[in-house]
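K.L.:
Take this structure first; my questions come after.
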Amino acid sequence: LVKAPVPVHGKPDMAKHNGHAMFQGISENFQIGRYHSLVLENCDENVLEITSKTQKGLNMSLAHRSLPIWAVQFHPESILTPNGIKIFENWAALLNEI
């Protein structure tokens, strides 16, 4: 976890996901609401799968490869994330598969 190049609070941004189930039914390029000044710069990609990034390459979500753990850096509950409810629905579907 490191300081982001520029702190972003209450701003929309565009991200691109990799097709992970948490983004089922959401366009590959989608808008997110950002409210943070830290980002995950590096991780062990044998353990964690980066599932979305901003257009500038900042990691915005991840999934554990063997455990039911999913996380986002952006705020799906924000009005700035129009697909936020769909992301929550997808998380619920993932939880039902456990």
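The values are calculated or read from the model by the stated rules, or taken from the named source; none is laboratory data. Computed from a predicted structure; not experimentally measured. Note: ideal-geometry Cβ built from the backbone for every residue, glycine included; neighbour counts use all protein chains shown.
K.L.:
Looking only at residues in the range 41-67 that are under 14 Å from Lys16 (Cβ atoms) and charged (D, E, K, R), which one is modelled with the highest pLDDT?
P.N.:
Selected residue: Lys53.
K.L.:
Of all residues in the range 57-84, which are free of Cβ contacts under 8 Å to residues at least 24 places away in the same chain and exposed (fewer than 15 other Cβ atoms within 10 Å of the Cβ)?
P.N.:
Scanning the range 57-84 gives Gly57, His64, Arg65, Ser66, Leu67, Ile69, Ala71, Glu77.
K.L.:
Inspect all residues belonging to the range 33-49 and state whether any of them is in contact (Cβ under 8 Å) with a residue 24 or more places away in the chain, touching a helix residue (DSSP H, G or I) at 6+ places or on another chain (Cβ under 6 Å) and within 20 Å of Ile98 (Cβ to Cβ).
P.N.:
So far as the range 33-49 goes, no, none of its residues is in contact (Cβ under 8 Å) with a residue 24 or more places away in the chain, touching a helix residue (DSSP H, G or I) at 6+ places or on another chain (Cβ under 6 Å) and within 20 Å of Ile98 (Cβ to Cβ).
K.L.:
If you take the residues of the range 41-98 that are of a type in the set (Lys, Arg) and not in a strand (DSSP E or B), which of them is nearest to Ala4 (Cα to Cα)?
P.N.:
Filtering first and then ranking leaves Lys56.
K.L.:
Condition first: surrounded by fewer than 17 Cβ atoms within 10 Å (Cβ to Cβ), without any contact (Cβ under 8 Å) to a residue 60 or more places away in the chain and of a type in the set (Lys, Arg). Can you find one or more residues in the range 7-28 that meet it?
P.N.:
yes
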